[in-house]
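Participant: First the structure, then my questions, so here it is.
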């Protein structure tokens, strides 16, 4: 679709240092769960060498009647301006882009191994699969330093309650309270084997910081003998 102006309709903190921005949904806008948009600030109060446009995964699913993006609030000109925009302010919206989307063959399991804010496109995919009642067997292994750093935990727990084909595995890599019901420590081959049995026929999705994505790909191929052709990746750099 053509680049359009959309209004910011709200924002909220999702987790430590992570904010969600709600946007009006343009009439007739269609996309696939997992795709992303480009957002351009209009006449920002400050800018930097990276310019005024950034890409964001769409957090919301196609069936939902609004759009949302989420990001870690690093101290950059773009994010300072975005954070401070009032409700009703307009930004330029260009979408959809990307092919980090759920495979269509429902007989093949999907396993997401995700670090931090890399979970944004995954929220869209799992929401849509749950809404559509697809028969994909889906497992999400989502690693964050602490539970307080993890966005969308309530959403994923709700999807797991609604969708018998979806298993949510939250992981706290550094610290968690005594009553934490998720996994603890780093995501390694032993943890993945605990939740995955078919490494030849599973489609793996890796998303997060570039170093994490590289390490998880290496683990899958070198230690777990996953089919490298069945690994899909999306890297999230900070800005």
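Yes/no per residue for (1) in the same structural domain as residue 8 (by TED's automatic domain parsing); (2) modelled with pLDDT of 95 or more; (3) closer than 29 Å to residue 172 by Cα; (4) touching a strand residue (DSSP E or B) at 6+ places or on another chain (Cβ under 6 Å):
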| residue | (1), (2), (3), (4) |
| --- | --- |
| 53 | yes, yes, no, yes |
| 64 | yes, yes, no, no |
| 72 | yes, no, yes, yes |
| 103 | no, yes, yes, yes |
| 119 | no, yes, yes, yes |
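Participant: Okay, moving on. Test residue 191 against the stated conditions and say whether it is crowded, with 20+ Cβ neighbours inside 10 Å and either in the same structural domain as residue 125 (by TED's automatic domain parsing) or on the phi < 0 side of the Ramachandran plot (or both). Explain how you work it out, then say what you get.
Facilitator: Working: crowded, with 20+ Cβ neighbours inside 10 Å: no; either in the same structural domain as residue 125 (by TED's automatic domain parsing) or on the phi < 0 side of the Ramachandran plot (or both): yes.
So residue 191 does not fit the description; no.
Participant: In segment 131-146, how many are within 16 Å of the chain's Cα centre (by Cα) and over 16 Å from residue 72 (Cβ atoms)?
Facilitator: 4
Participant: Just give me the residues in segment 42-72 being under 11 Å from residue 23 (Cβ atoms) and over 12 Å from the mean Cα position of the chain (by Cα), in sequence order.
Facilitator: Kept after step one, since they are under 11 Å from residue 23 (Cβ atoms), are these residues of segment 42-72: 56, 58-60, 66-69.
Within segment 42-72, 66, 67 qualify.
Participant: Report yes if residue 134 is closer than 20 Å to residue 226 by Cβ, touching a helix residue (DSSP H, G or I) at 6+ places or on another chain (Cβ under 9 Å), touching a residue at least 24 places away in the same chain (Cβ under 8 Å) and surrounded by fewer than 19 Cβ atoms within 10 Å (Cβ to Cβ), otherwise no.
Facilitator: So residue 134 fails the test.
Participant: Which residues, taken from segment 149-185, are surrounded by fewer than 15 Cβ atoms within 10 Å (Cβ to Cβ), touching a residue at least 12 places away in the same chain (Cβ under 8 Å) and either in a loop (DSSP other than H, G, I, E, B) or out of contact with any helix residue (DSSP H, G or I) (no Cβ under 9 Å at 6 or more places or on another chain) (or both)?
Facilitator: Matches in segment 149-185: 174, 175, 177, 180, 184, 185.
Participant: Got a number for residues in segment 210-219 being touching a residue at least 24 places away in the same chain (Cβ under 8 Å) and out of contact with any strand residue (DSSP E or B) (no Cβ under 6 Å at 6 or more places or on another chain)?
Facilitator: 1
Participant: Moving to a separate point now. Taking segment 194-214 only, how many residues are part of a helix (DSSP H, G or I) and surrounded by 18 or more Cβ atoms within 10 Å (Cβ to Cβ)?
Facilitator: Number of matching residues: 2.
Participant: For residue 43, only one of the following conditions fails: (1) surrounded by fewer than 16 Cβ atoms within 10 Å (Cβ to Cβ); (2) assigned by TED's automatic domain parsing to the domain that holds residue 17; (3) in contact (Cβ under 8 Å) with a residue 24 or more places away in the chain. What is its number?
Facilitator: (3)
Participant: Report, by residue number, each residue of segment 215-233 that is within 20 Å of residue 104 (Cα to Cα) and assigned to a helix (DSSP H, G or I). Walk me through it before giving the result.
Facilitator: In the first step, residues of segment 215-233 are kept if they are within 20 Å of residue 104 (Cα to Cα); the result is 226-233.
Result: 228, 229, 230.
Participant: Here's another thing I want to ask about it. Would you call residue 116 surrounded by fewer than 18 Cβ atoms within 10 Å (Cβ to Cβ), within 29 Å of residue 29 (Cα to Cα) and in contact (Cβ under 8 Å) with a residue 12 or more places away in the chain?
Facilitator: Values: surrounded by fewer than 18 Cβ atoms within 10 Å (Cβ to Cβ): no; within 29 Å of residue 29 (Cα to Cα): yes; in contact (Cβ under 8 Å) with a residue 12 or more places away in the chain: yes.
In short, no.
Participant: So is residue 30 closer than 25 Å to residue 152 by Cβ and loosely packed, with under 12 Cβ neighbours inside 10 Å or not? Let's see the steps before the verdict.
Facilitator: Values: closer than 25 Å to residue 152 by Cβ: yes; loosely packed, with under 12 Cβ neighbours inside 10 Å: yes.
Taking the combined requirement at face value, the residue satisfies it.
The values are calculated or read from the model by the stated rules, or taken from the named source; none is laboratory data. Values in this document were obtained by computation on a predicted structure and should not be read as measured data. Here the Cβ is made from the backbone with ideal geometry for all residues, glycine too, and neighbour counts use every protein chain on show.
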